Amino acid sequence: MDQKFIPLSVPNLKGKELEYVTHAVQTEWVSSVGAYVDSFETKTAEYVNAAGAISVQNGTSGLHVALQVCGVSAGDEVIVPTLTFIAAVNPVKYLSADPIFMDCDDSLCMDPVKLSDFCKEECIFTDGKLINKRTGKYIKAVLVVHVFGNLADMERITEIADEFNLKIIEDATEALGSYYSEGVLKGKFAGTIGTLGVYSFNGNKIITTGGGGMIVSNDKELLKKAKHLTTQAKSDDLYYTHDEIGYNYRMTNVQAAIGLAQLEQIETFIKQKQENYVAYQEGIRKIPGLQMLPFREDIRSNYWFYSLFISEDYPLNRENLIQYLNENKIQARPVWGLINEQKPYLSNQVYKIENAKKYWANVVNIPCSSNLTEEDVQYIINCLKSLGS
C-alpha cells in the first residue's frame with residue numbers, strides 16, 4: 001500500500017461543526033450577527049478566564065485593533081520579536097508606527113533579558129514615557145508572541161513593562177489553551193496577562209473557524225472600544241452615525257458556529273497533541289543530531305507546533321531534510337524568515353539579534369495535527385532514524 005501524505009497541520013472537524021453550521025443556515029443567521037457569535041465570544045472568555053472577548057475576522061485584524069486601543073499611533077514605536085510570522089508585525093505599520101526588533105531566548109519567544117537591557121541602555125525613561133535615544137520616538141508598547149504554543153517569560157516581561165510604562169499586547173494566536181502551571185502567574189492563560197491578547201482561528205490553529213480571531217482582555221473599557229472599532233465605529237445603529245474611522249472586522253455567525261463546536265473539543269485536541277509530542281520526543285532523542293525543542297516546564301502548553309532542532313551531527317541540513325521528508329510524503333517547513341530581514345523592515349532598528357538566527361537556520365516544523373495517528377508519528381520517526389542512526 002502506498003504511504004499516504006501526512007500534512008503539517010490540518011483541521012480536526014469531528015464534533016458538532018456541521019450541526020451548528022446547518023442550524024445557522026437554516027435559521028438564516030449567516031452574516032456578522034447571530035447567537036453563535038455571542039456564544040463563541042462568551043465561551044472563549046470563560047475558557048481563558050477573561051472579562052470578555054470580541055470576535056474578529058482574523059488574528060491580524062485583532063492585533064491591529066489591539067494596538068490601536070492601546071494608544072499606538074503614527075510616529076510611535078513598538079518593541080516586537082523578529083522570530084515570528086510577519087502578520088504579528090505588519091499591524092504596527094498599519095498604524096504608521098515603527099517596530100523595534102528583539103531577539104528570542106531558547107523558548108523561541110522574546111528574550112526578557114535583552115528587552116530589559118534595551119530599555120535601560122538604549123532609552124530614556126522620563127515623565128512616564130520610554131523614549132528611544134536613537135530616534136527620539138515614544139515607545140508605547142511591547143508586542144509579545146507566544147511561539148508555537150510555548151509561553152514567553154511573562155512574569156519578567158510584565159515587570160519590565162510596569163517599570164517602563166509599556167502596554168503589553170499578547171499575540172497568543174498560536175497559544176490558545178496554554179497557561180502557567182507554576183509561579184506567580186499560575187492558572188493564567190496566554191492572552192490574558194497583558195493589556196489585551198489576540199487568538200487566531202486559521203485553518204492550521206489548535207481550533208479553527210476557517211478564518212477568524214478573537215480579542216480578549218480584563219479591561220472592559222478597552223473591549224468596548226475594540227468592539228466599536230471592529231463594527232465600523234457606528235455610534236447610532238439606526239441613523240448610521242460614525243464617530244471615527246472603524247473597520248469591517250466582524251466574524252460571521254457561520255464561522256462562530258464552527259468555532260463553538262471546535263472550542264468544545266479543545267482539551268481533547270491538546271491531550272492528543274501532547275501524546276504525539278511525547279511520542280516524537282521519545283523516538284527522536286535516540287537519533288544523533290536531532291532534538292525536539294522543549295516547552296517551558298512551568299506551563300501547560302497546547303503543543304500547537306513541534307520544532308525539530310538539527311545539529312551538525314545529523315547528516316542533512318535544514319533544506320535537505322525538508323526535501324527528504326517531502327519526498328517521503330511528509331510535509332515539513334522551516335521556521336519563518338526573520339522579520340527584520342524582510343524587505344519592508346530593512347531600515348527598522350534591531351537589538352542584538354543572535355539566538356533567532358541560530359533557530360532560523362536549524363529548526364524544522366514537522367506534522368502536528370490533532371488527528372495525527374500513532375502510526376503517522378512512528379513512520380515519521382522511522383524516516384528520520386533511517387538517516388541518523
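What the table below lists for this structure:
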quantity	calculated
Some residue of the range 321-336 being hydrophobic (A, V, I, L, M, F, W, C), closer than 30 Å to Glu77 by Cα and either outside the structural domain of Leu151 (by TED's automatic domain parsing) or in contact with a Cys (Cβ under 9 Å, 6 or more places away or on another chain) (or both)	yes
Unmet requirement for Ile139, which otherwise passes all of (1) of a type in the set (Val, Ile, Thr); (2) in a helix (DSSP H, G or I); (3) farther than 21 Å from Ser200 by Cα	(2)
Failed item, numbered, when Ala152 is tested on (1) in a loop (DSSP other than H, G, I, E, B); (2) farther than 30 Å from Tyr179 by Cα	(2)
Residue ID - surrounded by the fewest Cβ atoms within 10 Å (Cβ to Cβ), chosen from residues in the range 80-136 that are aromatic (Phe, Trp, Tyr) and in a helix (DSSP H, G or I)	Tyr94
Residue satisfying all of: in the range 54-63; buried (at least 24 other Cβ atoms within 10 Å of the Cβ) and not β-branched (Val, Ile, Thr); nearest to the chain's Cα centre (by Cα) among these	Gly59
Qualifying positions in the range 355-378 - closer than 18 Å to Val10 by Cα and either in contact (Cβ under 8 Å) with a residue 40 or more places away in the chain or touching a His at 6+ places or on another chain (Cβ under 8 Å) (or both)	Val364, Asn365, Ile366, Pro367, Cys368, Ser369, Ser370, Asn371, Leu372, Glu374, Asp376, Val377
Enumeration of residues in the range 359-382 that are out of contact with any helix residue (DSSP H, G or I) (no Cβ under 7 Å at 6 or more places or on another chain), of a type in the set (Val, Ile, Thr) and in a helix (DSSP H, G or I)	Ile380
Every pair of residues 6+ apart whose Cβ atoms lie under 8 Å, when the first sits in the range 37-63 and is outside the structural domain of Gly197 (by TED's automatic domain parsing) while the second is surrounded by fewer than 24 Cβ atoms within 10 Å (Cβ to Cβ) and hydrophobic (A, V, I, L, M, F, W, C)	none
Subset tally (residues that are under 27 Å from Phe309 (Cβ atoms) and touching a strand residue (DSSP E or B) at 6+ places or on another chain (Cβ under 7 Å)) for the range 70-99	9
Subset of the range 303-358 that is among the hydroxyl-bearing types (Ser, Thr, Tyr) and outside any helix (DSSP H, G or I) - its residue that is nearest to Ser96 (Cα to Cα)	Ser347
Number of the condition not met by Asn348 [criteria: (1) of a type outside the set (Phe, Trp, Tyr); (2) surrounded by fewer than 19 Cβ atoms within 10 Å (Cβ to Cβ); (3) touching a Phe, Trp or Tyr at 6+ places or on another chain (Cβ under 8 Å)]	(2)
Phe295 in a strand (DSSP E or B) and either out of contact with any helix residue (DSSP H, G or I) (no Cβ under 7 Å at 6 or more places or on another chain) or touching a residue at least 12 places away in the same chain (Cβ under 8 Å) (or both)	no
Scan of the range 99-119 for residues that are acidic (Asp, Glu) and within 18 Å of Phe164 (Cα to Cα), ordered by number	Asp111, Asp117
Checking Asp313 against (1) of a type in the set (D, E, K, R); (2) assigned by TED's automatic domain parsing to the domain that holds Val30; (3) in contact (Cβ under 8 Å) with a residue 12 or more places away in the chain, the condition it does not meet	(2)
Positions within the range 353-386 being hydroxyl-bearing (Ser, Thr, Tyr), under 21 Å from Ile270 (Cα atoms) and surrounded by fewer than 19 Cβ atoms within 10 Å (Cβ to Cβ), in sequence order	Thr373
Residue count for the range 161-211, restricted to those that are under 25 Å from Gly71 (Cα atoms) and free of Cβ contacts under 8 Å to residues at least 12 places away in the same chain	1
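The values are calculated or read from the model by the stated rules, or taken from the named source; none is laboratory data. Here the structure is a predicted model, which is why all the values come from computation and not from measurement. All Cβ positions, even for glycine, are placed from backbone atoms using ideal geometry, and neighbour counts span all protein chains on display.
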